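Okay, structure first, notes after.
The values are calculated or read from the model by the stated rules, or taken from the named source; none is laboratory data. No experiment lies behind these values; they were computed from the predicted model shown. As a convention, Cβ positions derive from the backbone with ideal geometry for all residues, glycine included, and neighbour counts pool all protein chains shown. In case anyone asks, the SASA skips ligands and DNA or RNA and just uses the protein heavy atoms, side chains included. Shrake-Rupley method; radii C 1.70, N 1.55, O 1.52, S 1.80 Å.
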Amino acid sequence: CVLNIGFIASSIGSFLGAALKTFRSANPEVVIKIHELSPASQIKALRKHKIDIALIGNPSGAVLDEFETTVLFELKLEAVIPVSHRLAQRKQINLKVLVEDEFIGYNEESFPGRNQTIINACLVAGFKPILSYQADSLVEVLAIVGSGAGVCLMPSDVASLPHPEVVFIPVREKLETIRFTAAWQRDDARSIIGSLLDHIKRQK
(Lines give C-alpha, C1' and ligand atoms only; values in the text may rest on other atoms or scores of the structure.)
Protein backbone atom coordinates (compact mmCIF):
# COMPACT_ATOMS: atom_id res chain seq x y z
CA CYS A 1 0.00 0.00 0.00
CA VAL A 2 1.39 3.40 -1.05
CA LEU A 3 0.27 6.76 0.37
CA ASN A 4 1.26 9.90 -1.56
CA ILE A 5 1.11 13.07 0.54
CA GLY A 6 1.35 16.65 -0.69
CA PHE A 7 2.73 19.26 1.70
CA ILE A 8 4.06 22.80 1.96
CA ALA A 9 7.58 23.34 3.28
CA SER A 10 6.59 24.61 6.75
CA SER A 11 4.81 21.32 7.53
CA ILE A 12 7.92 19.18 7.88
CA GLY A 13 9.53 20.97 10.83
CA SER A 14 6.31 21.90 12.60
CA PHE A 15 4.35 18.63 12.56
CA LEU A 16 4.66 16.37 9.52
CA GLY A 17 8.07 14.85 10.24
CA ALA A 18 7.04 13.71 13.73
CA ALA A 19 3.61 12.52 12.55
CA LEU A 20 5.10 10.40 9.76
CA LYS A 21 7.52 8.81 12.22
CA THR A 22 4.73 7.63 14.56
CA PHE A 23 2.50 6.64 11.62
CA ARG A 24 5.28 4.52 10.09
CA SER A 25 5.84 2.75 13.40
CA ALA A 26 2.13 1.90 13.63
CA ASN A 27 1.74 1.04 9.92
CA PRO A 28 5.03 -0.52 8.71
CA GLU A 29 3.32 -2.03 5.67
CA VAL A 30 2.45 1.41 4.21
CA VAL A 31 4.95 3.04 1.85
CA ILE A 32 4.83 6.81 2.26
CA LYS A 33 5.88 9.21 -0.48
CA ILE A 34 5.86 12.95 0.17
CA HIS A 35 5.74 15.72 -2.42
CA GLU A 36 6.48 19.39 -1.66
CA LEU A 37 3.95 21.41 -3.66
CA SER A 38 2.22 24.78 -3.35
CA PRO A 39 -1.40 24.60 -2.15
CA ALA A 40 -2.72 25.10 -5.69
CA SER A 41 -0.38 22.45 -7.13
CA GLN A 42 -1.48 20.01 -4.42
CA ILE A 43 -5.12 20.41 -5.43
CA LYS A 44 -4.23 19.84 -9.11
CA ALA A 45 -2.28 16.72 -8.15
CA LEU A 46 -5.20 15.51 -6.00
CA ARG A 47 -7.59 15.90 -8.93
CA LYS A 48 -5.27 13.79 -11.12
CA HIS A 49 -4.89 11.15 -8.38
CA LYS A 50 -1.13 11.85 -8.21
CA ILE A 51 -1.41 12.36 -4.45
CA ASP A 52 -3.83 10.88 -1.93
CA ILE A 53 -3.83 13.67 0.66
CA ALA A 54 -3.23 17.41 0.29
CA LEU A 55 -2.03 19.38 3.33
CA ILE A 56 -2.86 23.02 2.65
CA GLY A 57 -3.64 26.26 4.45
CA ASN A 58 -7.09 27.87 4.27
CA PRO A 59 -8.95 25.97 1.52
CA SER A 60 -11.04 27.81 -1.05
CA GLY A 61 -14.76 27.18 -1.39
CA ALA A 62 -14.12 25.06 -4.50
CA VAL A 63 -11.88 22.70 -2.53
CA LEU A 64 -14.52 22.32 0.19
CA ASP A 65 -17.13 21.51 -2.47
CA GLU A 66 -15.00 19.03 -4.38
CA PHE A 67 -13.13 17.04 -1.73
CA GLU A 68 -13.45 15.61 1.75
CA THR A 69 -11.70 17.98 4.15
CA THR A 70 -10.88 18.25 7.81
CA VAL A 71 -9.29 21.10 9.77
CA LEU A 72 -6.16 19.68 11.39
CA PHE A 73 -5.44 22.72 13.55
CA GLU A 74 -5.63 26.51 13.60
CA LEU A 75 -2.54 28.68 13.29
CA LYS A 76 -2.12 32.30 14.34
CA LEU A 77 -0.82 34.87 11.90
CA GLU A 78 2.36 36.62 13.00
CA ALA A 79 4.20 39.65 11.65
CA VAL A 80 7.35 38.68 9.77
CA ILE A 81 9.86 41.52 9.54
CA PRO A 82 13.58 41.98 8.78
CA VAL A 83 16.00 41.88 11.73
CA SER A 84 17.06 45.38 10.65
CA HIS A 85 13.48 46.69 11.09
CA ARG A 86 12.84 49.38 13.71
CA LEU A 87 10.44 47.02 15.54
CA ALA A 88 12.55 43.84 15.38
CA GLN A 89 13.27 43.81 19.13
CA ARG A 90 9.61 43.96 20.17
CA LYS A 91 8.02 40.94 21.84
CA GLN A 92 4.59 41.87 20.46
CA ILE A 93 3.22 44.62 18.21
CA ASN A 94 -0.02 46.21 17.10
CA LEU A 95 -0.38 45.46 13.41
CA LYS A 96 -1.20 49.08 12.65
CA VAL A 97 2.42 50.09 13.33
CA LEU A 98 3.26 48.49 9.96
CA VAL A 99 0.95 50.83 8.06
CA GLU A 100 3.92 52.54 6.34
CA ASP A 101 5.64 49.28 5.36
CA GLU A 102 5.36 47.48 2.04
CA PHE A 103 3.91 43.97 2.35
CA ILE A 104 5.18 40.98 0.45
CA GLY A 105 2.34 39.18 -1.33
CA TYR A 106 1.92 35.74 -2.87
CA ASN A 107 1.39 34.54 -6.40
CA GLU A 108 -2.36 33.88 -6.45
CA GLU A 109 -1.89 30.85 -8.70
CA SER A 110 0.33 29.15 -6.10
CA PHE A 111 -1.32 30.34 -2.87
CA PRO A 112 -4.95 31.17 -3.71
CA GLY A 113 -6.60 33.39 -1.14
CA ARG A 114 -3.45 34.08 0.91
CA ASN A 115 -3.21 37.73 -0.20
CA GLN A 116 -6.83 38.27 0.84
CA THR A 117 -6.02 36.79 4.25
CA ILE A 118 -3.25 39.38 4.68
CA ILE A 119 -5.52 42.21 3.48
CA ASN A 120 -8.35 41.13 5.82
CA ALA A 121 -5.97 41.06 8.79
CA CYS A 122 -4.69 44.57 8.05
CA LEU A 123 -8.25 45.86 7.61
CA VAL A 124 -8.92 44.70 11.19
CA ALA A 125 -6.07 47.01 12.21
CA GLY A 126 -7.54 49.88 10.20
CA PHE A 127 -5.51 50.00 6.99
CA LYS A 128 -5.19 48.32 3.59
CA PRO A 129 -1.67 47.04 2.88
CA ILE A 130 0.27 47.63 -0.32
CA LEU A 131 1.24 44.17 -1.61
CA SER A 132 4.38 44.91 -3.58
CA TYR A 133 5.60 41.48 -4.67
CA GLN A 134 4.15 38.13 -5.68
CA ALA A 135 6.17 35.29 -4.18
CA ASP A 136 5.80 31.67 -5.32
CA SER A 137 6.84 29.96 -2.08
CA LEU A 138 7.14 30.44 1.68
CA VAL A 139 10.93 30.29 1.44
CA GLU A 140 10.85 33.04 -1.19
CA VAL A 141 8.76 35.26 1.10
CA LEU A 142 11.26 34.75 3.94
CA ALA A 143 14.19 35.55 1.65
CA ILE A 144 12.58 38.75 0.36
CA VAL A 145 11.62 39.92 3.86
CA GLY A 146 15.16 39.08 5.03
CA SER A 147 16.58 41.26 2.26
CA GLY A 148 14.72 44.24 3.75
CA ALA A 149 12.28 44.64 0.87
CA GLY A 150 9.15 44.49 3.01
CA VAL A 151 7.15 42.70 5.70
CA CYS A 152 4.53 39.95 5.67
CA LEU A 153 1.97 38.13 7.77
CA MET A 154 2.59 34.39 7.91
CA PRO A 155 1.23 31.43 9.90
CA SER A 156 3.24 30.79 13.06
CA ASP A 157 4.39 27.34 11.86
CA VAL A 158 6.49 28.95 9.10
CA ALA A 159 8.97 29.89 11.84
CA SER A 160 10.05 26.23 11.75
CA LEU A 161 11.74 26.96 8.40
CA PRO A 162 15.24 28.51 8.34
CA HIS A 163 14.70 32.27 8.41
CA PRO A 164 17.99 34.17 8.60
CA GLU A 165 17.65 37.96 8.84
CA VAL A 166 13.94 37.61 9.70
CA VAL A 167 11.98 37.70 12.98
CA PHE A 168 8.44 36.50 13.76
CA ILE A 169 6.49 38.74 16.15
CA PRO A 170 3.02 38.01 17.59
CA VAL A 171 0.40 40.71 16.96
CA ARG A 172 -2.06 42.03 19.55
CA GLU A 173 -5.09 42.24 17.25
CA LYS A 174 -7.46 39.30 17.27
CA LEU A 175 -7.04 38.07 13.72
CA GLU A 176 -8.75 35.28 11.85
CA THR A 177 -6.64 32.12 12.12
CA ILE A 178 -5.29 29.99 9.30
CA ARG A 179 -7.34 26.79 9.34
CA PHE A 180 -4.72 24.27 8.30
CA THR A 181 -6.67 21.69 6.33
CA ALA A 182 -6.25 18.22 4.83
CA ALA A 183 -8.14 17.30 1.64
CA TRP A 184 -8.64 13.95 -0.07
CA GLN A 185 -10.92 12.30 -2.64
CA ARG A 186 -14.52 11.84 -1.48
CA ASP A 187 -14.54 8.22 -2.66
CA ASP A 188 -11.31 7.30 -0.84
CA ALA A 189 -12.58 5.57 2.29
CA ARG A 190 -9.34 3.79 3.21
CA SER A 191 -8.77 3.62 6.94
CA ILE A 192 -5.12 4.64 6.56
CA ILE A 193 -6.26 8.13 5.51
CA GLY A 194 -8.02 8.63 8.83
CA SER A 195 -5.13 7.00 10.68
CA LEU A 196 -2.59 9.41 9.18
CA LEU A 197 -4.78 12.42 9.98
CA ASP A 198 -5.08 11.24 13.58
CA HIS A 199 -1.28 11.01 13.87
CA ILE A 200 -0.98 14.55 12.48
CA LYS A 201 -3.57 15.98 14.88
CA ARG A 202 -1.71 14.49 17.83
CA GLN A 203 1.33 16.65 16.98
CA LYS A 204 -0.43 19.90 17.90
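Some notes on this structure:
- Criterion violated by T69 - all others in (1) under 30 Å from I192 (Cα atoms); (2) over 16 Å from the mean Cα position of the chain (by Cα); (3) open to solvent by 20 Å² or more (accessible area, probe 1.4 Å) satisfied: (2)
- Taken over the stretch 1-59, the criterion of being within 21 Å of M154 (Cβ to Cβ), open to solvent by less than 10 Å² (accessible area, probe 1.4 Å) and among the aromatic types (F, W, Y) is satisfied by F15 alone.
- Selection from the stretch 116-139 of residues that are open to solvent by less than 30 Å² (accessible area, probe 1.4 Å) and either farther than 17 Å from P155 by Cα or of a type in the set (F, W, Y) (or both): A125, F127, P129
- Taken over the stretch 160-179, residues that are more than 17 Å from I93 (Cα to Cα) and of a type outside the set (V, I, T) amount to 7.
- Residue check, D198 buried (at least 21 other Cβ atoms within 10 Å of the Cβ) and part of a helix (DSSP H, G or I): no
- Scanning the stretch 151-195 for residues that are of a type in the set (A, V, I, L, M), more than 21 Å from N58 (Cβ to Cβ) and in contact with a helix residue (DSSP H, G or I) (Cβ under 8 Å, 6 or more places away or on another chain) yields one hit, V166.
- Residue list for the stretch 44-65, restricted to those being at pLDDT 95 or above and either within 14 Å of R186 (Cα to Cα) or aromatic (F, W, Y) (or both): L46, R47, K48, H49, I51, D52, I53, A54
- All positions within the stretch 120-152 that are in a loop (DSSP other than H, G, I, E, B) and closer than 16 Å to D101 by Cβ: A125, G126, F127, K128, P129, I130, S147, G148, A149, G150
- Qualifying residue in the stretch 118-137 (condition: touching a strand residue (DSSP E or B) at 6+ places or on another chain (Cβ under 7 Å), touching a residue at least 40 places away in the same chain (Cβ under 8 Å) and farther than 27 Å from D65 by Cα): no
- Long-range neighbours under 7 Å by Cβ, at least six apart or interchain, first residue touching a residue at least 60 places away in the same chain (Cβ under 8 Å) within the stretch 9-20, second assigned to a helix (DSSP H, G or I) and among the polar types (S, T, N, Q): S10/S160; G13/S160; S14/S160
- Looking across the stretch 90-115 at every residue that is open to solvent by 40 Å² or more (accessible area, probe 1.4 Å) and among the acidic types (D, E), the one that is farthest from I56 (Cα to Cα) is identified as E100.
- The set of residues from the stretch 162-181 being open to solvent by 20 Å² or more (accessible area, probe 1.4 Å) and of a type in the set (S, T, Y) comprises just one member, T177.
- If only residues of the stretch 72-89 that are open to solvent by 50 Å² or more (accessible area, probe 1.4 Å) and either modelled with pLDDT of 95 or more or basic (K, R) (or both) are counted, the one that is farthest from W184 (Cα to Cα) is R86.
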